[in-house]
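Some notes on the structure that comes next.
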């Protein structure tokens with residue numbers, strides 16, 4: 001499904017999101033993605049540095065937030081002061097190049113985040129891929145959120161919307 005916005009004001013908007021944590025490489029971090037009755041999604045959990053871990057993520061399978069005219073992406077979020085990433089994939093496969101842009105949250109405050117297309121860097125399993133092509137917004141097939149960079153402890157990110165602009 002192709003769209004220019006994902007709104008989380010309905011429980012059905014949260015059902016298609018899959019947690020992918022550092023357990024895939026032996027870590028012990030946990031996360032979940034759920035609907036809050038206040039009318040937004042919540043991505044929360046605990047980052048553990050045990051067993052060389054340190055990341056948690058969620059991804060919407062087959063969520064094509066894509067328009068060829070997109071110059072950037074906007075989010076309405078309330079965080080905990082941690083640094084998060086918006087992840088975009090241009091392929092339907094589970095693994096592959098992941099385009100990431102970071103955003104800082106402010107504890108307990110709803111904020112509007114603007115991420116220009118140029119802010120997205122290509123990565124593969126956490127490592128930069130400098131020779132990869134730049135993000136093609138008309139080909140985005142998967143959308144995700146991530147907390148990484150060894151930010152140990154509990155985390156919580158509330159999300160009202162993710163949109164193209």
_Spatial separation of Cα centroids for the range 139-159 and the range 95-138, in angstrom_ = 11 Å
*Take 32, 59 and order them by how many other Cβ atoms sit within 10 Å, fewest up front.*
32, 59
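How do 24, 42, 58 line up, fewest other C-beta atoms within 10 Å first? Display every interim value, and only then the final one.
Details: 24 11, 42 18, 58 24.
Ranking 24, 42, 58 by Cβ neighbours within 10 Å, fewest first, gives 24, 42, 58.
How high is the relative contact order of the range 43-128, in percent, with contacts defined as C-alpha pairs under 8 Å that are six or more residues apart? If you can, show how the numbers build up before the last one.
Values: 117 pairs, mean separation 24.2, N = 86.
Value for the range 43-128: 28 percent.
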_Correct option for volume of the Cα convex hull per residue in Å³ [calculated from the coordinates] among [x] 116; [y] 99; [z] 136_ = [y]
_Given contacts defined as C-alpha pairs under 8 Å and at least six residues apart, what's the relative contact order of the chain, whole-number percent?_
32 percent
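Read-outs: derived from the displayed coordinates by stated rules, not from any lab. The structure displayed is predicted, hence computed values, not measured ones. Note that each Cβ is placed from the backbone with ideal geometry, even for glycine, and that neighbours are counted across all protein chains shown.
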